[in-house]
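Asker: Take a look at this one; I'll ask things after.
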Amino acid sequence: MTYQVFQTARFGRQYKKLQHNVACDVDGAVSEVANNPLLGEKKKGDLANLYVYKFHSQNQLYLLGYTLDDAVRFVYLEAIATHENFYRDLKRK
């Protein structure tokens, strides 16, 4: 059973900056997460409510950060970026 997907403003800004072929790979990753939200790795500590799904596009590792609301079956897309400074930027929310 799929979850409904919503994007945050931060995710929208980051998504608009992606190249077309990378954006297509992100769309595929989002659909995988919507079908099975537990694919991502649950984080600990400051980012305890965050899940991160890792995938490759153009020989580069990308991280898709999202949160879940199981009660209403929503996935909130928080951020998409390469690994460099990904967690630091999320902590600055």
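Asker: Lysine pairs in the chain with alpha-carbon atoms under 22 Å apart, 8 or more places apart or on different chains: how many are there?
Answerer: 17
Asker: In sequence order, what are the phi-derived ³J(HN,Hα) couplings for the range 63-79 according to the Karplus relation 6.51 cos²θ - 1.76 cosθ + 1.60 with θ = phi - 60°, rounded to whole Hz, with x for glycine and proline?
Answerer: Here the 3J(HN,Hα) series is 10, 10, x, 8, 10, 10, 10, 5, 4, 10, 6, 10, 10, 9, 6, 9, 7 Hz.
Asker: Then there is this: Dipole magnitude of the range 19-93 about its Cα centre, charges +1 at Lys/Arg Cβ and -1 at Asp/Glu Cβ only, in debye to the nearest 20?
Answerer: Details: 9 positive and 10 negative charges, 66 e Å.
It works out to roughly 320 debye.
Asker: Quick one: order GLU78, GLU41, GLU84 from most to least accessible surface, probe 1.4 Å.
Answerer: Values: GLU78 25, GLU41 95, GLU84 140 Å².
Ranked from most to least accessible, the order is GLU84, GLU41, GLU78.
Asker: Sticking with this one: Step through the residues of the range 20-31 one at a time and calculate ³J(HN,Hα) from phi using the Karplus curve (6.51 cos²θ - 1.76 cosθ + 1.60, θ = phi - 60°), rounding each to whole Hz and writing x for Gly and Pro.
Answerer: With coefficients 6.51, -1.76 and 1.60, one gets 4, 5, 6, 4, 5, 5, 5, 4, x, 5, 5, 5 Hz.
Asker: FRET efficiency for ARG73 and ALA48, Cβ-Cβ distance as r, R0 = 30 Å, nearest 0.05? All intermediate terms of the calculation are to be shown ahead of the outcome.
Answerer: On the way: r = 21 Å, r/R0 = 0.69.
The pair ARG73/ALA48 has a calculated efficiency of 0.90.
The values are calculated or read from the model by the stated rules, or taken from the named source; none is laboratory data. Since the structure is predicted, the reported quantities are computational estimates derived from the model, not experimental observations. Positions of Cβ are generated from backbone atoms using ideal geometry, with glycine treated the same way; all protein chains shown enter the neighbour counts. Surface accessibility is based on the protein's heavy atoms, side chains included, excluding ligands, DNA and RNA. Shrake-Rupley method; radii C 1.70, N 1.55, O 1.52, S 1.80 Å.
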